[in-house]
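A short worksheet on the structure shown next.
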Amino acid sequence: MITAVLALGILSALFGLLLGYSAIRFRVEGDPVANQINAILPQTQCGQCGFAGCRPYAEAIAAGEADINQCPPGGEAGIRALADLLGRDFKPLNAEHGEHKEKMVAVIDEQVCIGCTLCIQACPVDAILGAAKHMHTVIEAECTGCELCIPPCPVDCIDMVPLQQDVSTWKWPSPDESKNAQQNA
Amino acid sequence: MGNKTRQLHRFHGGLHLPENKAQSSGSPIRALPTPKRLTIPLAQHIGTAADVVVKVGEHVLKGQMIARAHGYVSVPIHASSSGTVVEIADHLIPHPSGLSAACIIIETDGNDTAVADTLSADYTQLDPSELRNRIRQAGIVGLGGAGFPSFIKLNPGPNRPIATLLINGAECEPYITCDDRLMRERAQAVVDGAVILKYAVSAAECVIAIEDNKPEAAQALRDAIEQCHATDFSVVVVPTLYPTGGEKQLIKIVTGREVPSQGLPADVGVICHNPGTAAAVHHAFALGEPLISRIVTVTGAGVREPGNVDVRVGTPMADVIAACGGYTDAAHRLLMGGPMMGFALGSDAAPVIKTTNCLLVAGREELPLPQAPLPCIRCGACVDVCPANLLPQQLYWHVHAKDFDKVQDYSLFDCIECGCCAYVCPSHLPLVQYYRFAKTEIWNQEREREKADIARQRHEYRIFRLDREKNERAARLKQKQAALKSNKGNGDADQDPKKAAIQAALERAKAKKASVNIPPKNTDNLTEAQQQAITSADERRRNRGPAIATRPEDT
């Protein structure tokens, strides 16, 4: 009886130590699931999901506090990828958070800009170049189209324009969609 | 040579299609006059567009480089004739999107003056890398239709010895006869070019493969080989079957080896070039002329005089069709390329580019518009004909469900878009459209992923920067507070740094004023009242004390 208790006690102590050691030795930085989710999110940092950027949203999904269909820029493909990763069912985009739009970029009307720097402070990816009382401009290649620069502008000089499509970014249309378009027409 | 029998193999699937080659193959190649206006796109090849090196208003000569290669996968673009650059702007290009892209517009002067020759050379005196560079400088790309820069193919790397240079004269697609006519009429140029290509890759042998529906071309090439005593050359006649002209399919037929999935022909010791490309190489080395013209088949029920024409790159398609007698009443659709792999063009305003092998003006009955698709009945006919050994039906289902990972598991990128599956589909499903859509969608997603990665890095760096700035501000504040505290601890009020700083500034200002000794301005012709005001002001100042007495005469 005592031997059994002793043996089990020693074993549990050993395994406890082993587990404790490996918890420290093989510690994973950050939340791996949140990282994987963050890698799928489009990184526009627009906050339409209700969180302050893509990473906080990813962490909320990982913690089960947010649903996977709250990201309008990611669109259907993004939701599909998230559903795939998390083993959940696909569900359509939650309309409360906005709708999937074509890719846009911000353009500053440089004649109107007064150089207040408010948009620079709002830009989550530092894609606006300028200084106080100097003209600002958007670095098109870095702009994610999050629209966060628009509300702070005191003179309404920022417009969202659709990204110009060129031959290298052009996509063949899906036969399914063109079929639907024909039927609707 | 030629009479050596060779064991031929066969690839999976394939189709016997109505050839429709007789319409255009009967008459010799006609050279088209240089048009008044050339529209030369900067991107006529796979890879990055070339960079413009001329200015509007500049006079250019035939063969002069007008755009420089940008990056590795790129080739320069040359002026097709002499004239003046009148515009550099976006114009309609032949592309399935119907979009415009950057073009150089040249108004030709009709003299066709050629630029000084820097290309021609005795290839045997050049080392392979210099040879490749010249082929690149000549702007040569694969003329079979894909337009891949040829010099890259010629550089398989040291680990992949090339046994066979394969000249792909199969020309399996219906209607197209430009390679057939080229091989018949300019066989010597093709063989001479192939000799250079063979030398460039040190291939053991050169095989010119031709489908058995082109006996004249095969004979012309045999004669040309005989005439120039080219060693280790052979002409192999292969059975006519679509798509024998596919690179991987032809390699399988001739060598029996299969190019691995996602691999290159060089992996199995083969390099494949189009006869047009070989002829262009010959032109560059023998005549010093870069790639500024090509042979185009103009055919179909919609054109009056079908045939093959030698066209300068940049000639508007409308001019080419007009030179072939213009449209007939039956003209319905304009395609660039053949009926299987070509794409419809919305307008004939686009120019002929390096990859325009065929302009097919199809009649209404000749190439009817696709019928409304019906549901897939899983008959498997597509699987039987797929020359790439894929499962077209599975691909279709997964693209339909937008499951792009699964599509790639089924080797979507090994699809050569030959169109056999869609041709046999009893439900008229536009299968190739699905695969093309999936490919461009996957590329687009990859591009977006890369952009998202950059955005994430920038966002994370911004957070880090804001955090750092906050910490720095906090640290500065702390330092100041600490300094203040330590001063108060001394209890010395005179040592207050702020007061000391003000005192120092005052002293500096005083010293400066004193040293400059500025005389009072506008003191001539003063009225009595003004003089009095000045005196009283001076009085007041003097009474206030010496610290701020500033007038020079007071000190």
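The values are calculated or read from the model by the stated rules, or taken from the named source; none is laboratory data. These numbers come from a predicted model, not from an experiment. Because the Cβ atoms are built from the backbone with ideal geometry, glycine has one as well, and the counts that use them run over all protein chains shown.
Suppose the filter is touching a strand residue (DSSP E or B) at 6+ places or on another chain (Cβ under 6 Å), at pLDDT below 95 and assigned to a strand (DSSP E or B); does B:V235 pass it?
Yes.
If a residue must be of a type in the set (G, A, S), within 15 Å of A:G53 (Cα to Cα) and touching a helix residue (DSSP H, G or I) at 6+ places or on another chain (Cβ under 6 Å), how many such residues does the range A:65-86 contain?
Here the count works out to 1.
For (1) assigned to a helix (DSSP H, G or I); (2) under 30 Å from B:K480 (Cα atoms); (3) modelled with pLDDT under 85, each residue gets a yes or a no:
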site	(1), (2), (3)
B:K498	yes, yes, yes
B:L506	yes, yes, no
B:S515	yes, no, yes
B:N525	no, no, yes
B:A529	yes, no, no
B:A537	yes, no, no
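Within the range A:152-164, does at least one residue satisfy the condition of being within 14 Å of chain B (Cβ to nearest Cβ), outside any helix (DSSP H, G or I), surrounded by fewer than 16 Cβ atoms within 10 Å (Cβ to Cβ) and out of contact with any strand residue (DSSP E or B) (no Cβ under 8 Å at 6 or more places or on another chain)?
Scanning the range A:152-164, I find at least one residue that is within 14 Å of chain B (Cβ to nearest Cβ), outside any helix (DSSP H, G or I), surrounded by fewer than 16 Cβ atoms within 10 Å (Cβ to Cβ) and out of contact with any strand residue (DSSP E or B) (no Cβ under 8 Å at 6 or more places or on another chain), so the answer is yes.
Kindly provide the set of residues from the range A:34-51 that are more than 10 Å from chain B (Cβ to nearest Cβ) and either among the hydrophobic types (A, V, I, L, M, F, W, C) or closer than 24 Å to A:E102 by Cβ (or both), ordered by number. Working first, answer last.
The first filter runs over the range A:34-51 and keeps only residues more than 10 Å from chain B (Cβ to nearest Cβ), leaving A:34-37, A:46-51.
Matches in the range A:34-51: A:A34, A:I37, A:C46, A:G47, A:Q48, A:C49, A:G50, A:F51.
Could we say that B:V399 is of a type in the set (A, V, I, L, M), assigned to a helix (DSSP H, G or I), out of contact with any strand residue (DSSP E or B) (no Cβ under 9 Å at 6 or more places or on another chain) and more than 14 Å from every other protein chain (Cβ to nearest Cβ) here? If you could, list the steps in order and put the result at the bottom.
On the way: of a type in the set (A, V, I, L, M): yes; assigned to a helix (DSSP H, G or I): yes; out of contact with any strand residue (DSSP E or B) (no Cβ under 9 Å at 6 or more places or on another chain): yes; more than 14 Å from every other protein chain (Cβ to nearest Cβ): no.
Answer is no for this residue.
Could you go through the range A:64-86 and let me know if any residue there is within 14 Å of another protein chain (Cβ to nearest Cβ), on the phi < 0 side of the Ramachandran plot and acidic (D, E).
Step one: of the range A:64-86, the residues within 14 Å of another protein chain (Cβ to nearest Cβ) are A:71, A:73-85.
Of the ones still in play, those that are also on the phi < 0 side of the Ramachandran plot are A:71, A:73-74, A:76-85.
Next, only the ones that are acidic (D, E) stay: A:76, A:84.
Yes, the range A:64-86 contains at least one residue that is within 14 Å of another protein chain (Cβ to nearest Cβ), on the phi < 0 side of the Ramachandran plot and acidic (D, E).
Against the condition at the interface with chain A (Cβ under 10 Å from one of its Cβ atoms) and surrounded by 15 or more Cβ atoms within 10 Å (Cβ to Cβ), how does B:R449 come out, does it pass?
So B:R449 does not fit the description; no.
Out of A:E147, A:E110, report the one residue that is among the charged types (D, E, K, R), under 25 Å from A:H97 (Cβ atoms) and part of a loop (DSSP other than H, G, I, E, B).
Being among the charged types (D, E, K, R), under 25 Å from A:H97 (Cβ atoms) and part of a loop (DSSP other than H, G, I, E, B) holds for just one of A:E147, A:E110, which is A:E147.
Here's the yes/no breakdown for (1) in contact (Cβ under 8 Å) with a residue 60 or more places away in the chain; (2) more than 9 Å from chain A (Cβ to nearest Cβ); (3) exposed (fewer than 11 other Cβ atoms within 10 Å of the Cβ):
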| residue | (1), (2), (3) |
| --- | --- |
| B:A388 | yes, yes, no |
| B:D403 | no, no, no |
| B:D414 | yes, yes, no |
| B:A455 | no, no, no |
| B:L477 | no, yes, yes |
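Is it the case that some residue within the range B:164-178 is in a helix (DSSP H, G or I), touching a residue at least 40 places away in the same chain (Cβ under 8 Å) and closer than 30 Å to B:C420 by Cα?
yes
In a helix (DSSP H, G or I) and at pLDDT below 90: does that describe B:K470?
Judged against the criteria, B:K470 is not a match.
Only one of (1) over 18 Å from B:R447 (Cα atoms); (2) within 11 Å of chain B (Cβ to nearest Cβ); (3) crowded, with 16+ Cβ neighbours inside 10 Å; (4) not β-branched (V, I, T) is not met by A:L148, so which one is it?
(2)
Cβ-Cβ distance below 8 Å, separation of 6 or more or different chains: which pairs start in the range B:54-78 with a residue that is closer than 12 Å to B:P290 by Cβ and in a loop (DSSP other than H, G, I, E, B) and end on one that is modelled with pLDDT under 95 and among the aromatic types (F, W, Y)?
Matching pairs, first to second residue: B:V75/B:F151.
If you take the residues of the range A:94-118 that are among the hydrophobic types (A, V, I, L, M, F, W, C) and touching a His at 6+ places or on another chain (Cβ under 6 Å), which of them is farthest from the other protein chains (Cβ to nearest Cβ)?
For the range A:94-118, the residue satisfying everything is A:C113.
Considering each residue of the range B:4-25, count those that are more than 20 Å from B:C418 (Cβ to Cβ), of a type in the set (G, A, S) and touching a residue at least 40 places away in the same chain (Cβ under 8 Å), and give that number.
Here the count works out to 2.
What number of residues within the range B:423-444 satisfy the criterion of being surrounded by fewer than 21 Cβ atoms within 10 Å (Cβ to Cβ), more than 7 Å from every other protein chain (Cβ to nearest Cβ) and in contact (Cβ under 8 Å) with a residue 12 or more places away in the chain?
7
Taking the stated definitions as given, is B:A230 of a type outside the set (D, E) and at pLDDT 90 or above?
No; evaluated as a whole, the condition is false for this residue.
Please determine, by comparing only the residues of the range B:76-87 that are out of contact with any Asp or Glu (no Cβ under 7 Å at 6 or more places or on another chain) and surrounded by 18 or more Cβ atoms within 10 Å (Cβ to Cβ), which one is nearest to the other protein chains (Cβ to nearest Cβ).
Selected residue: B:I77.
Residues in the range A:73-94: is at least one assigned to a loop (DSSP other than H, G, I, E, B) and basic (K, R)?
yes
Does at least one position in the range A:59-69 carry a residue that is of a type in the set (G, A, S) and within 11 Å of the chain's Cα centre (by Cα)?
We begin by selecting, within the range A:59-69, every residue of a type in the set (G, A, S); these are A:60, A:62-64, A:66.
If we keep only those that are within 11 Å of the chain's Cα centre (by Cα) as well, we get none.
Within the range A:59-69, not a single residue is of a type in the set (G, A, S) and within 11 Å of the chain's Cα centre (by Cα).
So, A:E177, is that one in a loop (DSSP other than H, G, I, E, B), surrounded by fewer than 16 Cβ atoms within 10 Å (Cβ to Cβ) and either within 14 Å of chain B (Cβ to nearest Cβ) or at pLDDT 90 or above (or both) or not?
no
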